[in-house]
1. Confirm whether residue A:30 is of a type in the set (Val, Ile, Thr) and within 13 Å of chain B (Cβ to nearest Cβ).
2. Would a scan of segment B:310-320 turn up a residue that is in contact (Cβ under 8 Å) with a residue 60 or more places away in the chain, closer than 30 Å to residue B:131 by Cα and not assigned by TED's automatic domain parsing to the domain that holds residue B:172?
3. Residues that are more than 17 Å from the chain's Cα centre (by Cα): list the helices (runs of 4 or more DSSP H) wholly contained in segment B:57-104 that include at least 2 such residues.
4. When you scan segment B:159-181, do you find a residue that is on the phi > 0 side of the Ramachandran plot, touching a residue at least 60 places away in the same chain (Cβ under 8 Å) and away from chain A (no Cβ under 14 Å), even just one?
5. Do the conditions hold for residue A:65, that is, is it polar (S, T, N, Q) and facing chain B (nearest Cβ under 10 Å)?
6. Are any residues in segment A:78-109 more than 7 Å from chain B (Cβ to nearest Cβ) and farther than 15 Å from residue B:201 by Cβ, and if so, which ones?
7. Which of the residues belonging to segment B:319-344 are assigned to a loop (DSSP other than H, G, I, E, B) and either at pLDDT 95 or above or of a type in the set (Ser, Thr, Tyr) (or both)?
8. Which condition does residue A:74 not pass, out of (1) more than 20 Å from residue A:215 (Cβ to Cβ); (2) within 11 Å of chain B (Cβ to nearest Cβ), if it passes all the others?
Amino acid sequence: METAYNFKEVMNRPERLAPGHRMCAGCGGTIAVRAVLRALHPEDKAVIGNATGCLEVSTYMYPYTAYEDSYIHNAFENAGATLSGVETAYRVLKKKGKINDNYKFITFGGDGGTYDIGFQSLSGAMERGHDMVYVCYDNGAYMNTGTQRSSATPQYADTTTTPAGKVSAGKVQIRKDLAAIMAEHHIPYVAQTTYTGNFKDIHTKAERAIYTPGAAFLNIMSPCPRGWGYDPSELMNICKLAVDTCYWPMFEVVEGKWRLTYEPKKKLPVEDFLRPQKRFKHLFKAGNEELIVQFQAEVDRRWEELAAKCR
Amino acid sequence: MAIRERLSGNEAVSYAIKQINPDVMPAFPITPSTEIPQYVANYIANGEIDTEFIHVESEHSSMSAALGASAAGARTLTATSSCGLALMWEELYVAASDRLPIVLALVNRALTGPININADHSDSMGARDSGWIQIYAESNQEAYDNFLQAFPIAEHKDVRLPVMICQDGFITSHGVENILLEEDDKVKAFVGEYEPEHYLLNAKETMAVGPYAVTNYYMETKRAQRQAMINAKKVIMEMAEKFEAMTGRKYGFFESYRMEDAEYAIVIIGSAAGTCKAAIEKIRETTGKKVGMVKIRVFRPFPEEELAEALKDMKAIAVLDRAEMFSATSGPLGAEVRAALYSAKSQAELVNYFYGLGGRDITVEDFKEVYEKLETIAQTHRITDMYSYIGLRSAEEE
């Protein structure tokens, strides 16, 4: 099923998310959708699901849809359950001989719809083992409503509900490790990725997720220029710094076996990732040096823990 | 030939599901509707039907998955009660606005606060504005018969709305009664195959469901839903006629009982209508007083004109609500009946009672007292208690 990655061939596949939607320039979410949908084999049909969020309100604003495939948005917290219903309908209608085509099922949710309000629905869908892929485009806050903190927001991030202030250093808590929680569901495929180099990592993982029978979960760091505070042209650099500082490790869990898919030759200090983002500006004020030390310690701890799992 | 059986209301609805053999059923257990998914799971386990069951982790996911399955082109149903319906609340509105013909077997139970597992209509009345058709049953037979008519109404091209088939928790859901069941082939022919016009898995076209509709479009979707509800009135009657032709059992928006010459009427929903009928027979036999009853079967769409016509010559009317709505005035049925009479310029006196909340019994004696009260009101033209509770514990009993 899997073929060697051919950048030119993959990039020249017909777009399944048509241009003309209303997502921001420099938004990682749109790139997540296009990258994942490119991994669909052109002969396969698909039903795309979507939790309420930026992506939904910007790509299916009545009467225009940006999707070349069938698409369903239901509500904020139930993308997992909704697509599990579609996938079940597919199985039964195929069994009854009412449909013949091959369909794949992929749903997208932001971190709000996935880590938080949609967590139960996601967990249920994964546990039941529907043949579907849940893709979280993780931009680390509720961006659609204007950058409120989520359980995916990194510690010390300045958000509109955890503002940095005279007596506040931003979000208090560390982020939830959703990919690990999904791996603990013992589903056949879990992976974490973002946009790097020639997109081989995300493409390979998306293809595996789609074509592994059973439930699969993809966690994609998808920077948000408005919420993170970077120039839209800097998107790829931000992603590169996230993986080279080991803030956002890229790995996959295949049938319970953990594997790092990228290890930086030289691990950069996390402040290189934090500095270009306005949401961490306050960390670089005199007197806050200790906060960056703490942030680094958390990154190191998680990287070590992950490395141990991947050994 | 119809089959004579003895079944509980839950068994009767489950049997109807078996005969229909729908495509997908997501469900999460909640008393007193739990038996329905249990029976269906057993039919599946024994290869009697090829429905796919989705073992969802909540009622919210149950209705969410039902929505996905229905949009995908599958004939879909679920079952729930009380808080389960409350948890679905958001999804009920989405299902109706997406115009998905999902059928919900609702076994009515009081909403929590305090927790209570017995019958009242607070769950379905809370969902009365969600855009679902609501059909209520007095008996197990009616629950079965209504369920058979649900998909043909929901899937009709002029309707395309979800349907809630309601019956009273424990009273009918667990009470075993004699019942007439139709033969499988007759049921199959009556319900027919589901052939959706547009659906996600249609090889000939793609489809998008659940848009963001800005102010320019939202209002038209609501008007379209209203039109579907208006159309549903005609379709519900057509299906009732078709059903009568098959079974001989006649259904309408409501049942008029001893109303031909009645002067005093009770308007009621659900199983307590049976007790009311017994009271009517007793009163007529012992006193000859002209008492009757209107039992609402279809609450959504609301049969305003037909109901006003049925009640227009009454001297006094009591509307009995099995749900509060805390307006500090009417209950939900009371308010709608009063509005119907006002529209018809009826001068009939009307009072509104609350009864049976959380499963409290209502007796033949209670109904007799209501009719006596109506007679007094008609004679004096004075209403002292516009709104009152039946069978409430008095302070001395506390």
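1. Numbers: of a type in the set (Val, Ile, Thr): yes; within 13 Å of chain B (Cβ to nearest Cβ): no.
For residue A:30, the condition - of a type in the set (Val, Ile, Thr) and within 13 Å of chain B (Cβ to nearest Cβ) - is not met.
2. So in segment B:310-320, the residues in contact (Cβ under 8 Å) with a residue 60 or more places away in the chain come out as B:315-316, B:320.
Subsequent filtering for residues that are closer than 30 Å to residue B:131 by Cα retains B:320.
Still in the list and also not assigned by TED's automatic domain parsing to the domain that holds residue B:172: B:320.
Looking through segment B:310-320, at least one residue is in contact (Cβ under 8 Å) with a residue 60 or more places away in the chain, closer than 30 Å to residue B:131 by Cα and not assigned by TED's automatic domain parsing to the domain that holds residue B:172.
3. Details: elements: B:59-72, B:82-87, B:89-97.
Helices (runs of 4 or more DSSP H) meeting the threshold: B:59-72, B:89-97.
4. So the first thing to find is which residues in segment B:159-181 are on the phi > 0 side of the Ramachandran plot, and the list is B:160, B:170.
Then keep just the ones that are touching a residue at least 60 places away in the same chain (Cβ under 8 Å); that gives B:160, B:170.
With away from chain A (no Cβ under 14 Å) added as a condition, the list becomes B:160, B:170.
The answer is yes, given that some residue of segment B:159-181 is on the phi > 0 side of the Ramachandran plot, touching a residue at least 60 places away in the same chain (Cβ under 8 Å) and away from chain A (no Cβ under 14 Å).
5. On the way: polar (S, T, N, Q): yes; facing chain B (nearest Cβ under 10 Å): yes.
Spelling it out, residue A:65 is indeed polar (S, T, N, Q) and facing chain B (nearest Cβ under 10 Å).
6. A:79, A:80, A:107, A:108, A:109
7. Of all residues in segment B:319-344, those assigned to a loop (DSSP other than H, G, I, E, B) come to B:322-331, B:344.
Result: B:322, B:323, B:324, B:325, B:326, B:327, B:328, B:329, B:330, B:331.
8. (1)
The values are calculated or read from the model by the stated rules, or taken from the named source; none is laboratory data. All values reported here derive from a predicted model rather than from experimental measurement. Here the Cβ is made from the backbone with ideal geometry for all residues, glycine too, and neighbour counts use every protein chain on show.
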